[in-house]
Each structure stands twice: as structure tokens, then as C-alpha cells.
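Encoded as C-alpha cells, the structure appears first; notes follow it.
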Ligand SMILES: [Zn+2]
């Protein structure tokens, strides 16, 4: 369901968009920023659906959900709602922007008052592509509405940013996540409670974790590895590295689990209480880590993890990433 009503939390963004609908003051370019899983696309689609709805009266701030147009948006089949696509996974090229936005926007809407463009992962546009887009958002036809979704606003040119209404998605509260998981996804409260600390206010991540059968198993494996790493020999980890490297897609969330672990170790070392930790159920192992690692080395562990994340994005071989990472994590002092 792509209605505003269905969105949990994000009141500030929602109110801004619904308010502009109610006042009929629609800007022509919006930039929605926030992590993956925060619901940027859902928000953009709710807005697009309301803009395009045939039954929405003047001053109405929500789509009807029943008209032909609403049904077309639901099924990703609306001729006036354009999702900009790209061929290379890490790049939206200037040609793609020219073809799908700059050129296309000159054609009037087929059936609606508006023509809405959703550019997801807008940070993947290189400078040329952004400059091409800039011309359109500087002087768009009155029916055009361009929605840029991004995980990294800093990668957008200042000239582009300054032309957009900027809206930021924020982490949800634990209560909101619990409610969404138990009432909407029908996940048992005990299970939902367990993944809650790992979701860090991100509903997308929460759902992914809660629905993943392997999460429990994976978490147990990481606790074993992370508690045994300090001071161990490099050869000890060959099998585990091989196993972890097999599933490249899972590796990023593995890095999340590792980061949470070292965050706990650091917090405990700095005097935090058990209740403040994410890995409360592995408390004694966290405490052991706090006794073993120096503050400086913990800092280096975080740095090593962020290097590993970068390497994963740059398509470095997973085996190599993990070997380098484990080499750093085995050290207890610099
Ligand atoms: Zn409708």
C-alpha cells in the first residue's frame, strides 16, 4: 500500500508533503535522504500516488487508493510516474539522465496533471549527470515533479541540492519498530524484541532481520568468532573466512554485527552497564573482550571495519577483505 496513511513514523517528512498537497503548493524538486531501509521510496511513492490520483479533491492530502490512476501506481504501471533506471550498478550516467529525464520531461503528461520522476540512489549520478539534471530542475515544465532519493546527500552537487526541498528520514523509536514488526508483519514479540537493538531505528533492516531464519544462527557464529579472535593465530580462521566469503550479500550485515560487538566492548570498557549493551546475552564474552583490547586497538578495529565496508563496495574479493580484517582484529594492542 503506497499511501501516506500506511507509513509508520517520519511525521516531519510526511507532514511537509501532505501540507504542500493540501495547499496545492507543490515544489518541482525534492531530495529525500536517509539510510537504506528507512522508507524513502515508500514515502516518494505515497507522494506520487497522491499527486497523480484522479479522485483527490482540491485541498486533499491523500490518494484515494481506488481510482484507475492509484491502481496503476500500485502496480508500477502509471505512464506519468517514471522510475529512472541505470545499467551499471554503481553509476547513473549522463546519457541515462538525458534520455529518461531531460528529454522525457518535454513530453506532456499522458493522463494526469503531473509527471513524477523518482531517481533512487541519486548519489550514483556522476557530475555530468547531475549537471544535466540541473538544467531541468532549474527550469522545469510546470507539471514536472522530480524526487531524488539518496543515502548520501554529500555526494550531490551543491547546485543541485540548493534547488531541492530537502527532507530527511529519521530513525524510528523502538516502540514504532515493535509495533510494525508484531502488528503488521505478525512476528512473535519475543523474536521482535531480540532483533530490536540490531535494527537501530531502521524498519527495513528490522524486517530483514526478523524474517531471516538464519539471523539467530549467524549471530551465534559471529559471537563465537569475535570472542575468540583476540590473540588467536591467523591459520585458525581459514574455514570461517571461507564460509563467510561465500555469501557476499550477507557480508555487509555481518559487518553490522561486528561493529555492534566492538561498540559493546568499548561501552563496557568505558563503564557502561549490562542493560546498555546490544549483546546482553553474551555479556561475559563482551566483558572478556573489554579486558583484552586496549582503547586504541578498539578504535583501530572500527577503522578496519570501515575499510572493509569500502572494499566490499569497490568489489574487492571477499576472502581478501576478511583476511585483512581478521589480521587487525586479532591484535589486542597496537
Ligand atoms: Zn486515486
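Structural remarks
- Check on residue 251, within 22 Å of residue 332 (Cα to Cα), assigned by TED's automatic domain parsing to the domain that holds residue 308 and assigned to a helix (DSSP H, G or I): no
- Sole residue being more than 13 Å from the ligand (Cβ to nearest atom), touching a helix residue (DSSP H, G or I) at 6+ places or on another chain (Cβ under 7 Å), more than 21 Å from residue 139 (Cα to Cα) and not in a loop (DSSP other than H, G, I, E, B), chosen from 73, 13: 13
- Looking only at residues of region 24-41 that are touching a helix residue (DSSP H, G or I) at 6+ places or on another chain (Cβ under 6 Å) and assigned to a loop (DSSP other than H, G, I, E, B), we find that the one that is nearest to the ligand (Cβ to nearest atom) is 26.
- Qualifying residue in region 142-149 (condition: within 15 Å of the ligand (Cβ to nearest atom) and either under 20 Å from residue 42 (Cβ atoms) or not in a strand (DSSP E or B) (or both)): no
- Test for residue 44: is it away from the ligand (no atom under 16 Å from the Cβ), assigned by TED's automatic domain parsing to the domain that holds residue 99, touching a strand residue (DSSP E or B) at 6+ places or on another chain (Cβ under 8 Å) and in a helix (DSSP H, G or I): yes
- Note on region 123-153: residues that are closer than 28 Å to residue 88 by Cβ and without any contact (Cβ under 8 Å) to a residue 24 or more places away in the chain total 0.
- If you check 161, 205 for being closer than 30 Å to residue 131 by Cβ and surrounded by 14 or more Cβ atoms within 10 Å (Cβ to Cβ), only one passes: 161.
The values are calculated or read from the model by the stated rules, or taken from the named source; none is laboratory data. Nothing here was measured: the structure is a model prediction, and the numbers come from that model. Every residue, glycine as well, gets a Cβ built from its backbone with ideal geometry; the counts of neighbours run over all protein chains shown.
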